[in-house]
Amino acid sequence: MAKKTRPLVLALCLMLCVFSSAQTVITIDDPATWTTAELSKYVGQTVVFSTPMVVCNNYYYTSSRLTISPQRIFAPTNQALPLSDEYDYLRDHNSRSELTLNGVNGYHRMGETIVNLKARVESSAQLKAVDEPLFVGNTRNDMLAGIPSVDQKAKHNLLVCAFNLEYYLVENLGTGYGPDNSTESDKQHTKIMQALSLIAADIFGFVEIEQGQQALRKLANALTQATGRTYSFINDNGSSSGSYTKSGYVYCQETVEPVNNLRKNDTQVSHRKMMQAFRHKQSGESFIFSLNHFKAKSGTASGLNADQGDGQGTFNYTRTLEAQSVLAQYNLNKTYYEDDDLLIMGDLNAYAKEDPIRTLTDGGMTDLHRFFHADSSYSYVYHDQAGYLDHALANATLLPQITGMAAWHINSDEHDRFTYDKSTDLSMFRCSDHDPVLVGLRLSAKTELTPPHTNNFEVLINGSNPLIINAEGGHFVIYTIDGHLLLQGQITNNAYTPDIDLTQGLYIFAVYADGKAQKHKLIIP
């Protein structure tokens, strides 16, 4: 009986193979505006996304799956005013645009791009990779290539870095915050120094660092040993007190020197808002560096500090008062420091469009994240959503001396299992939960800031081929209307057209030269 039925079984197998090989693969050309519900009609079929997908979260330690989306998911209040129509749209769209991708191999960081993803649709929100996808960009190798450029407008002669070190403690261990013992403290220090020695900033502003002087002293000594440059710190005359943290400065003695004394601002939260002026030794120019760590969004609050349901979390009122106090402190101390130039940095625990940040921008400060990177900038990821709590803002007199800024994504896009207390990994990755933020300055006489051939530059828009005239040595950026960075680079001659082919859509084209910025819309019909 078995011999008689075997040809029939083989024939059926062949028919199934032919049917399977002939099954149509659905190509999804532009998923930028769809939501996951639209995939329900393809359940059981294979689809190919011809446009890139982005990793929004990873589950490396639990299974071979990723959360992906057609675009990076941002915190709504990082992009839109709280409770505005745009805010409501983003909140709704974010919740309906993520997919779970199963069947991938290896570790992939958040922010990596998946090219030509081919997958089987298991449900409206579940995919299973058919072939191993190609992942590009934002990898660890990209981060190891070096710190991001801060020379968008000109070449810097001073590098400033603000960095939340996530409870960097050297004493009072085991209180439930930061390292529990000396072994964890040593691992934390090792991981952080991997990053700091590569940054080698002229001035570091640290937040969430232990009170007293021992933590600052240890980092200054370690930087001196690692870089061969001599680092010191600003002594605030405070003493160590449990696991409570503060903000503090470490600086390179060869390049800068402090001007007068540190000024503290204990409005609402103590030890976390500092102000210090620094003089660049080579140029003789100085600026005021306001370093801050505002009240966190977490915790129980009442009255005006209660969560108002507008995306700004608890203690928004306190953070707004803190922002007001920073501006007031500047007005009070600019005469003391004999300088008008102000740079505000630190973890302000508020996204770009929230009340505390708008208090600063309404007060004359320019958001450098937005100025240089539009809506694509971030320094922190929480529940899949990117945004920047770590800010850099310059006032009108300092802005022409800012060459550029960038966040270095060595932490926010990493799985938190790589932290010092959960892993044997001693690399710089996930040495904190926040990314370091870098600002380049060219402190000099204002007339010396710009390259010699960038006077009176022009941007001529002709369809998809923008032409930049008389801006050699400047910098350009092209990004989508929703903030996705497409191309950036130096302007290499006085009649320059970026080498990029743009598809149909709306784009932003920005040029930085002559100490100024121009931004234009590109409409590709």
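Coordinate-derived values only; no laboratory data. Being a predicted model, the structure only gives us computed values, none of them experimental. Counting neighbours? That spans all protein chains shown, and the Cβs are built from the backbone with ideal geometry, glycine included.
General observations
- Here the simple spin-label model places points 7 Å from the Cα toward Cβ, and for K281 and D85 these points are separated by 5.7 nm.
- Cα-based helix-to-principal-axis angle, 214-227 vs the chain, degrees rounded to 10: 70 degrees
- Helix axis angle, 2-21 relative to the chain longest principal axis, alpha carbon, degrees: 40 degrees
- Here the residues K128, K246, K521, ranked from fewest to most Cβ neighbours within 10 Å of their Cβ, fall in the order K521, K128, K246.
- Based on alpha carbons, the Rg and Dmax found for the range 147-243 are 14.4, 46 Å.
- Cross-link pairs exceeding 30 Å in C-alpha to C-alpha distance, out of K187/K246; K218/K264; K191/K297; K187/K295; K334/K519, comprise K334/K519.
- Working from Cα pairs under 8 Å separated by at least six residues, relative contact order for the chain is 13 percent.
- Each helix, a run of at least 4 DSSP H residues, gives -39500 (n - 2.57); summed and divided by the residues of the chain, these come to -6500 deg cm²/dmol at 222 nm.
- In the chain, the longest principal axis of the Cα atoms and the axis of helix 85-95 are about 50 degrees apart.
- Plainly put, the chain has a radius of gyration that is 1.03 times its Kirkwood radius, both from alpha-carbon atoms, as the Rg/Rh ratio.
- If you take the Cα centroid of the range 378-402 and the Cα centroid of the range 187-231, the two points sit 22 Å apart.
- Note on K519 and T361: their simple-model spin labels are 0.8 nm apart, each label 7 Å out from Cα toward Cβ.
- DSSP-loop GluC sites (Glu not before Pro) across the range 333-435, with at most 13 other Cβ within 10 angstrom: E338
- Candidate aspartates and glutamates for bridging to K153, where Cα separation is under 12 Å - those fewer than 8 sequence places away on the same chain excluded: E472, D514
- When the chain is described by a simple charge dipole with +1 on each Lys and Arg Cβ and -1 on each Asp and Glu Cβ, the residue from I523, Q194, T255 located farthest towards its positive end is Q194.
- For the range 24-138, the alpha-carbon coordinates run over 41, 31, 23 Å along the three principal axes, in decreasing order.
- Cβ-to-Cβ counts within 10 Å put R263, R417 in ascending order as R417, R263, the fewest first.
- Computed across the range 86-225, the Kirkwood radius stands at 19.3 Å (inverse of mean 1/r, all Cα pairs).
- Annotation: for a label point projected 7 angstrom from Cα along Cα→Cβ of D340, residues of the range 320-334 with backbone N closer than 16 Å are 330-334.
- Just so you know, the averaged projected area of the alpha carbon convex hull for the range 330-429 sits at 8.3 nm².
- This model, with +1 at the C-beta of Lys and Arg and -1 at the C-beta of Asp and Glu, gives the chain a dipole about its Cα centre of some 1040 debye.
- Gain in span if fully extended, D131 to E38, counting 0.36 nm per residue against the direct Cα distance: 31.2 nm
- With each label modelled as a point 7 angstrom along the Cα→C-beta vector, the V48-L426 pair spans 4.7 nm.
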